[in-house]
Amino acid sequence: MKKAFPILAILTAALLGYAFYEAMFIAPTDQMQGDVYRIIYYHVPSGWTMFVFFFTNFGASIVYLIRRNPKADAVAVAAAEVGLVFCTVVLVTGPLWARPVWGIWWTWDWRLTSTLVLWLIYASYLILRRFSTGGQTPVLAAALAVFGALDMPLVYFSIWFFRTQHPQPVVGGGGSIDPSMLRVWMISWAAFLCFGWLVFWLRYRLEIFKREVEETHSLEAMLEEPRFR
Amino acid sequence: MAHPSLLYDELSAMENLRYFGRLYGIEGNHRCADAIRKVHLDPSLARPVGQYSQGMRQRMSLARALLHDPGILLLDEPFSNVDACSASEMVNLLGTIRDAGKTLFLVTHQAALLDGIADEFVLMGAGKIVSRTRERQIIEGAPR
Amino acid sequence: MSSFWAITAATLAKDLRLEWRSKDAINSMLFFALLVVVIFSFSFDPTAEESRHIAGGLIWVAFLFAAVVALNQTWAREMRNAVLDAYRVSPAPANPLFLAKAFGNFIFVSIIQALMTPLFTVFYNLRPLGPAWQLIPVAILGSWALVVNGTFFAAMSLHTRSREIMLPILLFPFSIPALVAMVQATNTILTGQDSAKFWIVLLLTYDVVFTVACLLLFETVLDAE
């Protein structure tokens, strides 16, 4: 485990660097938007990566509810945190792109709005984990994750219909996609996934260690001989 | 039966037991009234339980625990915050419950109250059983 | 099966009796709802024509805040004297407790709604241009959407620090689809443009999905220790 990490870290850094190079220099310039559009190589793959981690959180939560395996809970929390970071990237790059292109910071566009709601749901998930006391945290958090998964289709559906009644510019491009753009997207996505899983792994290990330390502390407290008077 | 009374302060004795009886599938009033009488309280008292004295409330908690006729009772500090007179009344009550065929486990800091009534005293220290005797023992320096 | 509903009814009756005995809770809640309506009316002062387009949002947001205050109260009672533990050690299943609390909250919240809606109608001179009867299913389904999740999340918050702020933190994000539906339905009915049917169906779907989810997961959450 210890040996593999530095190697993977270097590989990830290399992949991220390569993706940056591809996005900034190799990919063709967009006819209408100019070079500004290049942020799409960070915006869209972050969105895909975010979904990967949120699905992981959902899966791990289900496993926890059925099996009560503490490792599943550690996976859930690590995945939620990494997912939330990528979600934040999507929400920040969206306006950064919208401003020069459409002149407005925020648009209640279907995708961006739904992503905002997703961000709120997972932020509340992490707040619940922070504020809940004692051993119930994994169970409560797992139940909330299930609720989140049930809510998301309803969120997408309701906001989509809401937006078709009030049309707004769409942040995400449309029309046909140049195959060379797709290639860069895929490279970016691969780089982000590697980076995401690396951080996830670190966070997962940290969580496992934290629990071992806590268990050791409570065992020590139990076995201590109390002082009489 | 535990430290907090596990009763609704705003309801009367009968109302409390009628509700809890429902949870155990007990219909009708007479079993509730019986349980209240067993702990030497008055079933017809309409006063909310929150206005009872501490001793009365402890006995009411006992009534709630007895309602569904359990074989074993677990009691945690039943004499806490109770004056000496009510405490000895409580002890006699527990004796009659034991005589009626129920098993009672009590945890208490006031074991002296149970001299001559309890069948067995188990002394604990640091999470381990230190002694099990018919008569109450005092060990120097023991925490409990 | 009959004992399931018997326990639900008994718990609901007990809660209503408790609520009746300590009337100050209801009175302060209703006064708070009134204050919310007045503050909103001062802050948003549209013309009669404009108001039809935004009244839906105003009413439901004001209602959401008043409802949260009410929802926090109902579980608080079970924590005094550890009475909830008395329920948990009994052989009674967990779901009757949830349903009784949810129904109690629904009644409570409907009373608040019955107070706030006429006030809003008066302050904003509202006159629906669409089919007004549709406002009734919107009100019922919308209230249930908030109450069912609100009751569940309030039970979750019992195990947390800062209990009272935890409820809105959990409830608001998850209620967004229902809120969008409620507001849009109300606005379309008031302005008479388009049909509110899609939104009513969405509300119904939301209600069914989350009622089932709450019933399936409540026992797990109640016993989390």
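Charge dipole (Cα centre; +1 on Lys/Arg Cβ, -1 on Asp/Glu Cβ; no other charges) of the range C:2-223 amounts to roughly 420 debye.
Put simply, chain A fits an ellipsoid with semi-axes of 39, 23, 13 Å; these come from the alpha carbon gyration tensor as the roots of five times its eigenvalues, largest first.
Between B:81, A:208, C:152, the Cα set farthest toward the positive side of the dipole of the protein assembly as shown (charges on each charged residue's Cβ, about the Cα centre) is that of A:208.
Every helix of 4 or more DSSP H residues in chain A counts as -39500 (n - 2.57), and over all residues that averages to -27500 deg cm²/dmol at 222 nm.
Amide H to amide H distances under 5 Å link residue B:125 with B:130, where only residues 5 or more positions off or on other chains count and H is placed in the peptide plane. Legend: mean number of C-beta atoms from other chains within 10 angstrom of residue C-beta atoms, peptide C:174-182, equals 6. For chain B, the 222 nm mean residue ellipticity estimated from helices alone, with every DSSP H stretch of n ≥ 4 adding -39500 (n - 2.57) and the total spread over all residues, rounds to -10500 deg cm²/dmol.
For the protein assembly as shown, DSSP calls about 60 percent of its internal beta bridges antiparallel.
How much net charge surrounds residue B:119 when only the other residues with a Cβ under 9 Å from the Cβ of residue B:119 are counted, with Lys and Arg +1 and Asp and Glu -1? Taking every Cβ under 9 Å from that of residue B:119, the sum is +1. Averaged over the residues of A:149-159, the number of partner chain Cβ atoms lying within 10 Å of the residue Cβ comes to 6.
Where is the GNM fluctuation largest for chain A (alpha-carbon springs, 10 angstrom cutoff): A:28, A:100, A:179? Evaluated over chain A, the most mobile residue of the options is A:179. Shielding by partners for peptide A:75-84, expressed as the average number of C-beta atoms from other protein chains within 10 Å of each residue's C-beta, is 0.
Comparing A:114, A:218, A:158 in a Gaussian network model of chain A, where Cα atoms under 10 Å apart are tied by springs, the biggest mean-square fluctuation is seen for A:218.
Taking one quarter of the surface of the convex hull spanned by the alpha-carbon atoms of the range C:121-225 gives a direction-averaged projected area of 7.6 nm². What angle, in degrees between 0 and 90 and rounded to the nearest 10, separates the Cα long axis of helix A:179-223 from the longest principal axis of the Cα atoms of chain A? It works out to around 10 degrees. Only DSSP H runs of four or more residues enter the estimate; each adds -39500 (n - 2.57), and after division by the residues of chain C the mean residue ellipticity at 222 nm equals -29500 deg cm²/dmol.
The value for the range C:2-223 of Rg(Cα) / (2.2 N^0.38 Å) is 1.05.
Shape of the range C:1-128 from the C-alpha gyration tensor: prolate (a/c of 1.5 or more and a/b above b/c, with a ≥ b ≥ c the square roots of its eigenvalues). Loop-resident trypsin sites (Lys or Arg not before Pro) (DSSP state other than H, G, I, E or B) in the range C:140-225 with no more than 12 further Cβ atoms inside 10 Å of their Cβ: C:161. By the count of neighbouring beta-carbon atoms within 10 Å, fewest first, A:217, B:40, C:159 end up ordered A:217, B:40, C:159. Counting other Cβ atoms within 10 Å as a rough exposure proxy, the listed residues B:117, C:189 run B:117, C:189 from fewest neighbours to most.
With a Förster radius of 30 Å applied to the beta-carbon distance between residue C:193 and residue C:107, the computed FRET efficiency rounds to 0.35.
Is the range B:13-108 best put as rounded, prolate or oblate by its Cα gyration tensor, with a ≥ b ≥ c the root eigenvalues, rounded for a/c under 1.5, and otherwise prolate when a/b is larger than b/c, oblate when not? Oblate, because a/c is 1.5 or more while a/b does not exceed b/c.
Judged by the gyration tensor of its Cα atoms, with axes a ≥ b ≥ c, the protein assembly as shown is oblate; a/c meets the 1.5 cut and b/c is at least as large as a/b.
Which residue fluctuates most in the GNM of chain B (Cα springs below 10 Å): B:128, B:38, B:102? Of the options given, B:128 has the highest mean-square fluctuation. When A:85, A:101, C:180 are sorted by how many other C-beta atoms sit within 10 angstrom of their C-beta, beginning with the fewest, the order is A:85, A:101, C:180.
Read-outs throughout are calculated quantities, based only on the coordinates presented, and are distinct from any laboratory measurement. The structure displayed is predicted, hence computed values, not measured ones. So basically every Cβ, Gly included, is an ideal-geometry build from the backbone, and we count neighbours across all protein chains shown.
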